[in-house]
Amino acid sequence: MLFCNIGKVDRMDTQRETEQSAAEEVRNPRGNMTEGNPVKCMLTFAVPMILGNLFQQFYNIMDSVIVGKLVGSDALAAVGASTSITMLFVMVALGTGIGCSVVISQLFGARQIEKMKSAISTALMSIVVISLALAVLGRFLSRWILAWMGTPEEIFDPAATYLNIYFYGFFFLFLYNAFSAVFNALGDSRKPLYFLMVSSLLNICLDLLFVGRFQWGVAGAAWATLIAQAVSSALSFTVLTFKLKRLECGEYKRYDRALLGKMTRVAIPTIVQQSMVSIGMLLIQSVVNRFGPVFMAGYTAAVRIDGIAIVPMVNTGNAVSTFVAQNMGAGKPQRAKQGYHIGLCMAVGIGVLIGVLLFFFGNAFVNAFMDSDKDAASIAVGVEYLGVVSMFYFVMGAMNVTNAVLRGAGDMRWFMAVTLANLIVRVVLTYALSDITAGRIIMWANPIGWTVGLVLAYIRYRQGKWKKLTLI
């Protein structure tokens with residue numbers, strides 16, 4: 001009898017502890033950045049984001065390295081011509097996820113768990129529809145877009161092949177980015193890092209198998225990316241489902257039009273912002289194509305390296321955006337301001353370190369993409385590009401973090417204004433001066449655009465009106 005009573009007491013204690021743990025998870029859930037040391041919160045959140053996206057860029061860059069080394073510089077140019085197009089759609093996926101995550105972050109910071117789950121469910125349903133529609137659209141327009149960009153005839157067919165296979169995997173691309181955005185909105189940047197590590201290693205192994213052993217060329221690289229993204233999506237979905245179940249709450253709507261409207265207010269400007277960046281890349285790529293495969297191959301290699309170099313600054317900005325959103329939702333604008341100062345120091349410091357590295361050792365990085373004897377002219381173009389942009393990475397970091405404050409607070413008009421100013425400066429300079437400078441203006445357009453964007457974003461930040469905004 002005594003042992004039976006002891007057993008009942010143990011079960012009651014265990015149940016009570018479980019209930020208390022669940023209640024505490026709702027009151028002060030993991031990933032909460034509205035309490036505690038802001039420096040520790042920012043570093044704990046930002047570092048896994050940076051590492052995760054470095055892995056993402058790493059397996060993207062491995063596509064180019066493997067294709068360039070095993071197939072040739074023409075194949076590398078074909079991948080480059082396709083990438084400028086795929087990045088447009090990738091940025092739509094990123095913009096959709098980031099835009100929705102701002103509202104989710106503010107709801108999370110305000111501890112409105114039912115509405116937060118409704119927002120997540122609504123966002124995922126909407127993103128599924130968007131991804132399927134864009135996949136179909138992209139598949140039918142791919143060759144027309146390549147022709148409009150003036151893609152050279154000798155690389156047109158492989159570029160179209162790479163592009164079409166990439167479109168088949170759009171569903172997985174969008175879902176993975178949506179899942180990652182939700183994790184980040186909840187202050188959990190470690191899970192996406194783990195998924196990307198698995199995906200990166202898988203992508204590289206499949207690249208070597210499909211391109212190296214099976215000799216599928218650029219098609220092999222595209223299939224490797226598609227499969228890796230599918231695996232990441234499946235892992236993300238499974239873990240996110242369990243994570244959300246831990247946050248106990250009452251009944252919530254699976255689809256909420258009012259919340260969709262709030263997310264759309266942020267998502268559309270963010271999509272436009274991300275898309276405009278890619279449209280700028282697309283327009284600039286069409287200018288690059290005028291100078292032939294040699295210039296294109298060097299530019300492609302440099303842009304791949306540049307892409308991975310700016311990841312830490314971009315993700316520091318994303319971390320600042322989430323930090324600001326959570327604290328604005330919790331009614332703590334002064335703490336949001338602290339997050340900005342921490343992120344600014346991080347981004348500028350990282351920008352200086354990476355800039356020095358690429359300025360002095362850019363040749364070694366570009367050489368990894370091509371044969372140093374056969375492709376010396378292309379390598380020279382890539383090294384020159386890196387030498388210019390690397391001097392201004394600290395400006396890019398400062399601009400990105402300052403603009404992230406505006407996005408996190410929901411100040412979308414100024415956020416868009418900064419983005420458009422940056423884009424317009426880059427595109428106008430490229431088209432106006434590319435022939436006169438033999439394409440060299442392309443290398444200077446980015447730094448000039450970053451400077452203009454930083455000035456505008458900082459003016460708005462100093463005005464302080466973003467502190468009075470909220471989405472919920």
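The values are calculated or read from the model by the stated rules, or taken from the named source; none is laboratory data. As the structure is a computational prediction, the values presented were derived from the model and not from experiment. Cβ atoms come from the backbone with ideal geometry, glycine included; neighbour counts cover every protein chain shown. Keep in mind that these areas ignore ligands, DNA and RNA; they rest on the heavy atoms of the full protein, side chains included. Shrake-Rupley method; radii C 1.70, N 1.55, O 1.52, S 1.80 Å.
So which residues in the stretch 439-459 are out of contact with any Lys or Arg (no Cβ under 7 Å at 6 or more places or on another chain), open to solvent by less than 30 Å² (accessible area, probe 1.4 Å) and either part of a helix (DSSP H, G or I) or of a type in the set (Ser, Thr, Tyr) (or both)? Break it down stepwise before answering.
Taking the stretch 439-459 and keeping what is out of contact with any Lys or Arg (no Cβ under 7 Å at 6 or more places or on another chain), we get 439-444, 447-448, 450-459.
Next cut, open to solvent by less than 30 Å² (accessible area, probe 1.4 Å) only: 439, 441-443, 447, 450, 453, 457.
Residues satisfying the conditions are 441, 442, 443, 447, 450, 453, 457.
Output the number of the condition that residue 431 fails; it satisfies all remaining conditions of (1) open to solvent by less than 10 Å² (accessible area, probe 1.4 Å); (2) assigned to a helix (DSSP H, G or I); (3) among the aromatic types (Phe, Trp, Tyr).
It fails just one condition, (1).
One residue is enough: does the stretch 432-444 have a residue meeting the conditions at pLDDT 90 or above, of a type outside the set (Val, Ile, Thr), in contact with a Leu (Cβ under 7 Å, 6 or more places away or on another chain) and under 26 Å from residue 345 (Cα atoms)?
Checked against the condition, which is being at pLDDT 90 or above, of a type outside the set (Val, Ile, Thr), in contact with a Leu (Cβ under 7 Å, 6 or more places away or on another chain) and under 26 Å from residue 345 (Cα atoms), the stretch 432-444 yields no hits at all.
Could you grab me the full set of residues in the stretch 190-208 that are farther than 11 Å from residue 180 by Cβ and of a type in the set (D, E, K, R)?
190, 207
So, residue 101, is that one open to solvent by 10 Å² or more (accessible area, probe 1.4 Å), at pLDDT 75 or above, assigned to a helix (DSSP H, G or I) and not β-branched (Val, Ile, Thr) or not?
Numbers: open to solvent by 10 Å² or more (accessible area, probe 1.4 Å): yes; at pLDDT 75 or above: yes; assigned to a helix (DSSP H, G or I): yes; not β-branched (Val, Ile, Thr): yes.
So residue 101 passes the test.
Would you mention how many residues in the stretch 380-394 are surrounded by fewer than 24 Cβ atoms within 10 Å (Cβ to Cβ) and either out of contact with any helix residue (DSSP H, G or I) (no Cβ under 8 Å at 6 or more places or on another chain) or of a type in the set (A, V, I, L, M, F, W, C) (or both)?
Qualifying residue count for the region: 6.
Which residue, of 424, 436, is assigned to a loop (DSSP other than H, G, I, E, B), surrounded by fewer than 24 Cβ atoms within 10 Å (Cβ to Cβ) and of a type in the set (A, V, I, L, M)? Before you say what the answer is, go through the steps one by one.
On the way: 424 fails: assigned to a loop (DSSP other than H, G, I, E, B).
Going through 424, 436 in turn, just one is assigned to a loop (DSSP other than H, G, I, E, B), surrounded by fewer than 24 Cβ atoms within 10 Å (Cβ to Cβ) and of a type in the set (A, V, I, L, M): 436.
State whether the residues of the stretch 152-163 include one that is under 20 Å from the mean Cα position of the chain (by Cα), over 15 Å from residue 58 (Cβ atoms) and open to solvent by 10 Å² or more (accessible area, probe 1.4 Å). Write out each step before concluding.
At the first step, the residues of the stretch 152-163 found to be under 20 Å from the mean Cα position of the chain (by Cα) are 163.
In the following step, the residues that additionally are over 15 Å from residue 58 (Cβ atoms) were identified as 163.
Of the ones still in play, those that are also open to solvent by 10 Å² or more (accessible area, probe 1.4 Å) are none.
No, because not a single residue in the stretch 152-163 is under 20 Å from the mean Cα position of the chain (by Cα), over 15 Å from residue 58 (Cβ atoms) and open to solvent by 10 Å² or more (accessible area, probe 1.4 Å).
Count, please, the residues in the stretch 220-239 that happen to be within 30 Å of residue 158 (Cβ to Cβ) and either outside any helix (DSSP H, G or I) or free of Cβ contacts under 8 Å to residues at least 60 places away in the same chain (or both).
Of all residues in the stretch 220-239, those within 30 Å of residue 158 (Cβ to Cβ) come to 220-234.
Subset that is either outside any helix (DSSP H, G or I) or free of Cβ contacts under 8 Å to residues at least 60 places away in the same chain (or both): 220, 223, 227, 231, 234.
The total comes to 5.
Do we find that residue 122 is closer than 18 Å to residue 170 by Cα, in contact with a helix residue (DSSP H, G or I) (Cβ under 6 Å, 6 or more places away or on another chain) and in a helix (DSSP H, G or I) in this structure?
The answer is no for residue 122.
Please pick out the residue among 234, 258, 222 that is open to solvent by less than 20 Å² (accessible area, probe 1.4 Å) and among the aliphatic types (A, V, I, L, M). If you could, list the steps in order and put the result at the bottom.
Numbers: 234 fails: open to solvent by less than 20 Å² (accessible area, probe 1.4 Å); 258 fails: open to solvent by less than 20 Å² (accessible area, probe 1.4 Å).
The match here is 222.
Can you name the condition, by its number, that residue 77 falls short on among (1) of a type outside the set (Asp, Glu); (2) at pLDDT 75 or above; (3) open to solvent by less than 20 Å² (accessible area, probe 1.4 Å); (4) over 30 Å from residue 374 (Cβ atoms)?
(4)
Give the residues of the stretch 80-95 that are open to solvent by 10 Å² or more (accessible area, probe 1.4 Å) and β-branched (Val, Ile, Thr), sorted by residue number. First the steps, then the outcome.
First pass over the stretch 80-95, keeping only residues open to solvent by 10 Å² or more (accessible area, probe 1.4 Å): 83, 87-92, 94.
Passing the criteria: 83, 90, 92.
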